[in-house]
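Structure first, commentary second.
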Amino acid sequence: MFKSMYNWIDERLDVTPMWRDIADHEVPEHVNPAHHFSAFVYCFGGLTFFITVIQILSGMFLTMYYVPDITNAYYSVDYLQHQVAFGVIVRGMHHWGASLVIVMMFLHTLRVFFTGSYKAPREMNWVVGMLIFFVMLGLGFTGYLLPWDNKAYFATKVGMEIAGSVPWIGGYIKELLAGGTIVGAQTLTRFFAIHVFFLPGVLLTLLAAHFFMIRKQGISGPL
Amino acid sequence: MAHGHKSDEKIVYVGDSRIRQRSADKPTPPDYTSFPGKSEAFIPNFLLKEWMAGVVILVGFLVLTIAEPAPLGYPADPLNGSFIPMPDWYFLFIYQLLKYPYASEDYIILGTIGIPGLAFGALLLAPFLDTGKERRFYRRPIASSMMIVSLVASIYLTWVSWHHYTEELEKNGVIPEHIEREIKSEESIKAGKGRYIAGKEDVVALVKADDPAFSIMQQAQCIACHGAELEGANGPSLRGIGDALSKEQLVDTITNGKNEGMPAFKGQLTEAEIDQIATWLSEQKAAAAE
């Protein structure tokens, strides 16, 4: 029955070539840990994506309870950590996952660097990957403020001061990020919007480009 | 004008769509001859193994999150002058860099734009700087050594920054807020006063928070309006309510409701349950909570 359903859809939308582009490829021996255990270094990219998916899912659940305003933000986090069923696990996954995704991405970057996989014809994919790295750091920076505890507040303040010390445009960057002259109510809503809508949008676009290029070019050959 | 299935047309579409009518012969699969050896189909063979490894990692990750809950300190207080700021660990290298005299004050441009800009710029443009054909890292001494030096420097800066932070905590006798809060919370629960909520110290503590009447109230959704710890939310706080209302008044309020907001619980709770709750609430007196 699934076969006939698939054929029905395929006849109308011609999905087989798309499916083949996405999924129907082979994994060469030199990147398969089943054949050479040292090839586990090729897994870090996939693991980064795996944890990114966890981040997106856990973040979606967190927004069900989180309130981005300065009087309620802290108490909504406190509530979801202590009162909501499994809230402590969901927040824990998002909190620790943020560090883990940086670690995995870092290891993936090092693997690509030391295997020279960024060389022609894969230059553009490296650049996109670095942009993903910066977006991830941006997600970490904006997400750190959201629980609105002292650690979040003062770390953001330090970050703002660093941004403000950039010559000429520093003041503008600072005001744009903070939504005013101080770290306050505007900053929190702004960081929330950046963390939940702007950066994830950019991230998904860059990831799509990253994966499109790796499928198009294939994985780099053995050393 | 619909496209028919005329054989003299070069491209035949499905209906009036832009989907091409497929010919009977199957499309040829892609060629993998560029990587001879024991290659393996991605779906399902390799993906299945990858998923199994992923599940092991996921379980380990879940164990970590259960063992070590995410930290939460006290509510942000902009007037708190003694708080030692601490960015997340992956920003520490740059935080530390900006503490050195040659990367701050008069040379701040070097610290914020110069060194990080050069390092990240070089990283971003690595494929255009390292254009040789050689891929093995030991045959690319310049690129590899620059990467290793930056790595060691970043790790060192992170370590120094963390070391300074722990040293400062020790010097000032400060326990990090998220740890202090956990300790206070545990003590408060042990003393039967309900969980400690930072910033709500002026709220009267609960008396006998382990009383079964409290769990009846939780199940009856009283906490939806009165707060999870009865500290008040949309509805008023019930802590210290015993000072304001007698047990009879409480029974009346719960049974028949009050004003617009408080619904009548007659029929939803048994008389015995209402009595139990009212008795417990009437014991919520500020003096008893001290």
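A:L146 meets each of the listed conditions (1) more than 7 Å from chain B (Cβ to nearest Cβ); (2) out of contact with any His (no Cβ under 8 Å at 6 or more places or on another chain); (3) open to solvent by less than 30 Å² (accessible area, probe 1.4 Å) apart from (2). Among the numbered conditions (1) under 21 Å from B:A286 (Cα atoms); (2) crowded, with 16+ Cβ neighbours inside 10 Å, the only one that B:H178 does not meet is (1).
Quick one: which of B:I183, B:I189, B:I197 is outside any helix (DSSP H, G or I), among the β-branched types (V, I, T), more than 30 Å from B:K99 (Cα to Cα) and under 27 Å from the mean Cα position of the chain (by Cα)? Quick ask: steps written out before the conclusion?
On the way: B:I183 fails: outside any helix (DSSP H, G or I); B:I189 fails: outside any helix (DSSP H, G or I).
Selected residue: B:I197, the only one of B:I183, B:I189, B:I197 that is outside any helix (DSSP H, G or I), among the β-branched types (V, I, T), more than 30 Å from B:K99 (Cα to Cα) and under 27 Å from the mean Cα position of the chain (by Cα).
Within the stretch A:154-174, the set of residues being exposed (fewer than 15 other Cβ atoms within 10 Å of the Cβ) and not hydrophobic (A, V, I, L, M, F, W, C) comprises A:E161, A:P167, A:G171, A:Y172.
Using the structure shown, decide if B:L97 is surrounded by 14 or more Cβ atoms within 10 Å (Cβ to Cβ), free of Cβ contacts under 8 Å to residues at least 40 places away in the same chain and more than 7 Å from chain A (Cβ to nearest Cβ). Considered against the rule, which asks whether it is surrounded by 14 or more Cβ atoms within 10 Å (Cβ to Cβ), free of Cβ contacts under 8 Å to residues at least 40 places away in the same chain and more than 7 Å from chain A (Cβ to nearest Cβ), B:L97 comes out as no. The number of residues in the stretch A:175-210 being part of a helix (DSSP H, G or I), open to solvent by 30 Å² or more (accessible area, probe 1.4 Å) and among the polar types (S, T, N, Q) comes to 3.
The values are calculated or read from the model by the stated rules, or taken from the named source; none is laboratory data. What you are looking at is a predicted structure, and each value in this text was computed from that prediction instead of being measured. Note that each Cβ is placed from the backbone with ideal geometry, even for glycine, and that neighbours are counted across all protein chains shown. The accessibility values were calculated without ligands, DNA or RNA, using every heavy atom of the protein model including side chains. Shrake-Rupley method; radii C 1.70, N 1.55, O 1.52, S 1.80 Å.
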